[in-house]
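First the structure, in the form of structure tokens, and then the observations on it.
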Amino acid sequence: MKIHEYQAKEIFKRYGIPVPSSDVARTPEEVRNLAEKINKSVVIKAQVHVGGRGKAGGIKVASNPKDAFSISKEILGKRLKGLVVEKVLVEEAISIEKEYYLAITMDRSTRKNVIMLSSEGGVDIEEVAVRTPEKIEKLYIDPAFGLQEFEIKRLFMKMNFSKNIAGEFRNFLISLYKLYLECDATLAEINPLVLTVEGKLMAADAKILLDDNSIFRHKEFEALQEIAEDDEIEREARVRNIPYVRLNGDIGIIGNGAGLVMTTLDMVKREGGKPANFLDIGGGGSAGKTRQSLELVTMDKNLNGIFINIFGGITRCDEAAKGIVEAIKSLKLTIPVVIRLIGTRENEGRKLLEDEGYEVGRDMNEGARKIVELAGAYAKGRGRE
Amino acid sequence: MSILIDKNTRVLVQGITGKEGIFHTEEMLKYGTKIVAGVTPGKGGQTILGVPVYDFAVDAVKEQDVNASIIFVPAPFAADAIMEALSAGIKLVVAITDGIPVRDMIKVSYFLDRYDSRLIGPNCPGIITPGECKIGIMPGHIFTTGKVGVISRSGTLTYEVVNALTLAGLGQSTCIGIGGDPIIGTSFTDALKLFKDDTLTSIVALIGEIGGSDEEDAANYIKSVDLPMVAFIAGRTAPPGKRMGHAGAIISGNLGTAEAKIKAFQKAHIPVADTVPDIVRLIKEIMS
């Protein structure tokens with residue numbers, strides 16, 4: 001789960017991690033008032049869940065309240081990479097001596113949390129990781145004993161910080177790790193971590209990803225959980241709790257099981273088609289869930305066809321078929337649909353569908369070929385209208 | 001022979017009184033798995049489907065000589081259940097549960113390091129040695145005995161592959177679903193090591209997907225090992241930054257792409273199948 005920078009900074013403050021003074025605003029008037037209160041140059045930052053906000057024009061500096069007002073007018077209510085900006089963070093501009101990168105995240109292969117620190121801050125850290133991996137210091141944290149003093153000292157020395165901020169750096173790191181653990185974060189990232197001209201460490205940016213699986217023990221985060229997907233179908237899918245990812249094609253995909261759906265997308269692409277989405281209907285395949293899934297997929301108006309790929313294991317093909325028939329009928333679908341059914345009670349399922357006049361195949365690749373062909377023809381027909 | 005489980009494996013079901021627990025206990029019993037005990041705290045003394053229920057794993061081990069456990073306990077309590085099984089001395093723990101927090105799994109994995117036990121999963125379909133023992137939720141009827149070992153990160157896709165193998169007359173020695181989470185107990189490499197020492201397994205099908213670097217590690221391992229293998233990677237069309245269903249199936253930046261995984265296997269001279277029928281074809285070619 002993503003949260004906004006201003007929300008992350010609220011959490012930072014709670015853990016005693018220094019952040020520039022700031023507040024969130026929803027209107028240009030509020031922005032002006034905040035700028036007056038801060039009483040120096042401010043940075044206005046769009047609060048939307050997209051990466052690269054700066055490059056996209058979502059972060060701007062204003063030297064006085066009047067400028068802050070007019071600049072925020074250009075940001076608020078406008079779209080940034082497809083998302084409407086409803087809130088901005090108004091933050092005191094800090095004078096930067098040097099920028100660093102600091103993050104804690106989970107490392108899959110060592111099954112430990114890792115601190116990453118680099119003197120190459122404020123830039124795309126993935127690029128640094130590829131180009132000059134030696135510039136990123138990594139510290140794998142012992143799950144039982146946590147951070148040790150010598151480890152902190154070692155990181156400190158590697159960054160060539162001046163001695164008088166040793167204590168500050170130590171507290172910074174310990175607080176961030178504490179926050180990371182207690183919030184069940186999977187990422188706590190500060191880019192840039194700023195050493196100010198005054199010689200203070202400050203989190204100029206703050207990014208926290210919370211583990212979706214841990215929300216049951218974090219009632220306090222429920223309020224932060226705004227459905228933040230930048231796509232309206234993805235947003236609706238989240239509400240319905242159905243794994244869905246929007247892609248750019250015109251063939252809707254529904255299948256059961258994440259691995260099978262991914263493979264279905266790959267096969268459609270292999271046959272020259274373009275998948276419009278990933279959707280995992282999960283186990284069971286009840287009529288209701290099938291209907292909900294088809295509704296989601298067909299919210300996409302670019303669709304020229306739908307491929308439904310069901311492997312009946314514990315899921316019974318006849319149950320799945322019933323759901324498909326009901327859903328297609330009640331949605332009055334007119335675009336081509338190819339259904340592939342295989343496994344438990346396959347013959348019963350196929351009969352149900354064929355009686356209703358639907359194409360049913362046994363082979364995934366053949367199904368993929370068929371839908372690509374039908375969708376292509378349908379698209380042509382559409383073009384003539 | 002087979003790996004990890006056979007007809008003599010004595011299985012405990014943790015979370016046996018839940019809906020999933022009851023359903024799959026019955027399915028496993030039908031398959032012929034020796035389910036000898038169940039655990040649900042507070043329900044000790046009851047009997048379900050003829051299986052005695054205990055309050056704690058340690059009691060089940062003491063009275064029923066348990067040597068493997070399967071976990072259906074809900075996510076908030078699943079990590080605790082895994083550690084309970086480990087501390088009771090159970091050598092093989094299979095965690096089916098989906099949605100366990102990452103922080104809990106880091107703890108479990110550290111706990112696991114101190115025991116001479118194996119964890120499979122979580123968020124996996126389990127393990128099966130066809131004709132002998134099924135500790136999982138897979139449809140038993142699609143599996144047949146044979147020489148192909150199968151390792152996979154997903155559920156349904158594994159069934160798809162196994163079904164195709166079975167229809168082509170290629171039976172399986174053992175199939176392991178290692179799980180779709182970012183932190184799992186048994187990696188591809190761990191499973192390959194087990195298959196390497198198994199006299200019955202003559203070839204392995206590895207079904208990987210995007211996210212992490214477990215496939216790359218496996219490719220690196222297999223280079224120096226005499227074990228025929230065919231790989232398949234799902235998610236060639238997956239965009240970066242989007243979770244494709246499984247918690248672990250996500251490309252972060254340029255890490256975890258299908259392309260990198262395919263390249264790693266090709267570099268290790270392991271054939272990579274483009275489709276499911278391709279997996280069958282390649283295995284047939286190598287075996288003949």
Legend entry - Failed item in (1) within 28 Å of residue B:247 (Cα to Cα); (2) touching a residue at least 60 places away in the same chain (Cβ under 8 Å); (3) of a type outside the set (A, V, I, L, M); (4) touching a Gly at 6+ places or on another chain (Cβ under 8 Å), with residue A:113 passing the rest: (4)
Legend entry - Pair list, Cβ < 8 Å and 6+ apart or interchain, from region A:117-138 residues that are in the same structural domain as residue A:161 (by TED's automatic domain parsing) to residues that are among the polar types (S, T, N, Q) and modelled with pLDDT under 85: A:120/A:132; A:126/B:254; A:130/B:254
Inset, instruction - For residue A:360, work out the one condition from (1) in a strand (DSSP E or B); (2) among the aliphatic types (A, V, I, L, M); (3) crowded, with 24+ Cβ neighbours inside 10 Å it doesn't fulfil. - result: (3)
Inset, instruction - Determine, yes or no, whether residue B:204 is not in a helix (DSSP H, G or I) and not aromatic (Phe, Trp, Tyr). - result: yes
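So that you can scan it fast, the table gives a plain yes or no per residue for (1) of a type outside the set (Val, Ile, Thr); (2) outside any loop (DSSP other than H, G, I, E, B); (3) touching a Leu at 6+ places or on another chain (Cβ under 8 Å); (4) surrounded by fewer than 17 Cβ atoms within 10 Å (Cβ to Cβ):
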{"position": "A:120", "(1), (2), (3), (4)": "yes, no, no, no"}
{"position": "A:128", "(1), (2), (3), (4)": "no, yes, no, no"}
{"position": "A:139", "(1), (2), (3), (4)": "yes, yes, yes, no"}
{"position": "A:144", "(1), (2), (3), (4)": "yes, no, no, yes"}
{"position": "A:155", "(1), (2), (3), (4)": "yes, yes, yes, no"}
Inset, instruction - Go over the candidates B:218, B:247, B:260, B:264 one by one and state the one that is within 22 Å of the chain's Cα centre (by Cα) and either modelled with pLDDT of 95 or more or more than 13 Å from every other protein chain (Cβ to nearest Cβ) (or both). - result: B:218
Legend entry - Top-ranked residue in region A:247-269 [being among the charged types (D, E, K, R) and within 7 Å of another protein chain (Cβ to nearest Cβ); ranked as farthest from the chain's Cα centre (by Cα)]: A:269
Inset, instruction - Please specify each residue of region A:17-46 satisfying the condition of being out of contact with any helix residue (DSSP H, G or I) (no Cβ under 7 Å at 6 or more places or on another chain) and buried (at least 23 other Cβ atoms within 10 Å of the Cβ). - result: A:34
Legend entry - Number of the condition not met by residue B:168 [criteria: (1) surrounded by fewer than 24 Cβ atoms within 10 Å (Cβ to Cβ); (2) over 19 Å from the mean Cα position of the chain (by Cα); (3) within 11 Å of another protein chain (Cβ to nearest Cβ); (4) not basic (Lys, Arg)]: (3)
Legend entry - Unmet criterion (only one of (1) among the charged types (D, E, K, R); (2) touching a strand residue (DSSP E or B) at 6+ places or on another chain (Cβ under 6 Å); (3) surrounded by 18 or more Cβ atoms within 10 Å (Cβ to Cβ)) for residue A:111: (2)
Inset, instruction - Would you be able to say whether some residue in region B:145-167 is touching a Lys or Arg at 6+ places or on another chain (Cβ under 8 Å) and modelled with pLDDT under 95? - result: no
Inset, instruction - Answer yes if at least one residue in region A:239-246 is farther than 19 Å from residue A:337 by Cα, more than 10 Å from chain B (Cβ to nearest Cβ), among the charged types (D, E, K, R) and surrounded by fewer than 20 Cβ atoms within 10 Å (Cβ to Cβ), and no otherwise. - result: yes
Legend entry - Any strands (runs of 3 or more DSSP E) falling wholly within region A:46-116 and containing at least 2 residues that are at pLDDT 95 or above and within 21 Å of the chain's Cα centre (by Cα): A:88-92, A:96-107
Inset, instruction - Would you mind telling me which numbered condition in (1) over 24 Å from residue B:88 (Cβ atoms); (2) out of contact with any Asp or Glu (no Cβ under 6 Å at 6 or more places or on another chain) residue B:153 fails? - result: (2)
Legend entry - Wholly within region B:1-106, helices (runs of 4 or more DSSP H) carrying at least 3 residues that are in contact (Cβ under 8 Å) with a residue 60 or more places away in the chain: B:19-31, B:75-87
Inset, instruction - Working only within region B:173-202, note down all residues that are more than 24 Å from residue A:211 (Cβ to Cβ), touching a helix residue (DSSP H, G or I) at 6+ places or on another chain (Cβ under 6 Å) and in contact (Cβ under 8 Å) with a residue 60 or more places away in the chain. - result: B:176, B:201
Inset, instruction - With a cut-off of at least 1 residues that are out of contact with any helix residue (DSSP H, G or I) (no Cβ under 6 Å at 6 or more places or on another chain), name the strands (runs of 3 or more DSSP E) lying wholly within region A:194-276. - result: A:201-203, A:207-210, A:244-246
Legend entry - Residues that are in a loop (DSSP other than H, G, I, E, B) and either within 23 Å of the chain's Cα centre (by Cα) or of a type outside the set (Val, Ile, Thr) (or both), drawn from region A:1-45: A:1, A:3, A:4, A:15, A:16, A:18, A:20, A:21, A:26, A:39, A:40, A:41
Inset, instruction - Could you please let me know if residue B:237 is free of Cβ contacts under 8 Å to residues at least 40 places away in the same chain, touching a Leu at 6+ places or on another chain (Cβ under 6 Å) and either within 11 Å of chain A (Cβ to nearest Cβ) or surrounded by fewer than 24 Cβ atoms within 10 Å (Cβ to Cβ) (or both)? - result: yes
Inset, instruction - Looking only at region B:91-114, count how many residues are within 7 Å of chain A (Cβ to nearest Cβ) and farther than 18 Å from residue A:214 by Cα. - result: 1
Legend entry - Any chance residue A:353 is within 33 Å of the chain's Cα centre (by Cα) and without any contact (Cβ under 8 Å) to a residue 60 or more places away in the chain: no
Inset, instruction - Of all residues in region B:42-52, count the ones that are touching a Phe, Trp or Tyr at 6+ places or on another chain (Cβ under 7 Å) and crowded, with 17+ Cβ neighbours inside 10 Å. - result: 0
Inset, instruction - Please find, within region B:107-130, the residue that is farthest from residue B:182 (Cα to Cα) out of those that are of a type in the set (Lys, Arg) and either touching a residue at least 24 places away in the same chain (Cβ under 8 Å) or assigned to a strand (DSSP E or B) (or both). - result: B:118
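The values are calculated or read from the model by the stated rules, or taken from the named source; none is laboratory data. Note that the coordinates shown come from a computational prediction; the quantities given were computed from them, not determined experimentally. FYI the Cβ positions are ideal-geometry reconstructions off the backbone, even for glycines, and counts take in every protein chain you see.
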